[in-house]
Amino acid sequence: MSSRIKIIIGLSPKSFETITKSIISVALLLCVSGYLHAQTLTIRVENAIIGKGNVMVGIFNDKKTFPDTYFRGQKISVSEKTTIIAFNDLPQGQYAVSVYQDSNGNGQLDKNILGIPKEKYGFSNNSDRPDFEKCLFDFNNDKTITIKIK
């Protein structure tokens, strides 16, 4: 900044520099504050068939995209009856979770001709169907949820 602007503001160069550094520090803190509040959501998926494909997990933060387009997602191979998936650095908020076991590895939940899933699936709050409101939960701190797929 030019000397003329500093003089117009009425601050000495030293005071101006101190205030500028303080403003920059506060701005940086505000920018990273969302990350300071990010936590870990651990999802325990129970009742998976060992050695059959992957468990596919989607976290949703928008009713319009549930259960098709997730906010965060992971897949993990099934090596135990209970599979544990951790989502680190997840911002605080409200979420719903959808899980299915992709037994044949084709990357989608297979359904029969009537639209009924042929592979195991489940939702947060152990809801029996993909209802965003019923699956929704608050996430403010590190948290572990359990979903039993059927």
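The numbers here are math on the coordinates, done by the rules we state, and not lab data. Everything numeric here is computed off the predicted structure, so don't read it as measured data. Cβ sites come from the backbone with ideal geometry, for glycine too, and all protein chains shown count toward neighbours.
For the pair Lys63 and Gln94 in one chain, pulling the backbone fully straight at 0.36 nm per residue adds 10.1 nm over the alpha carbon distance.
Packing, as the average of other Cβ atoms within 10 Å across residues, places the peptides 75-88, 95-108, 56-69 in the order 95-108, 56-69, 75-88, highest first. Principal axis analysis of the Cα atoms in the stretch 35-89 yields extents of 35, 27, 13 Å, listed in decreasing size.
One way to sum up the overall shape of the stretch 76-140 is the equivalent ellipsoid from its Cα gyration tensor, whose semi-axes run 23, 17, 10 Å, largest first.
With semi-axes defined as the square roots of five times the eigenvalues of the C-alpha gyration tensor, the equivalent ellipsoid of the stretch 40-123 measures 21, 17, 9 Å, largest first.
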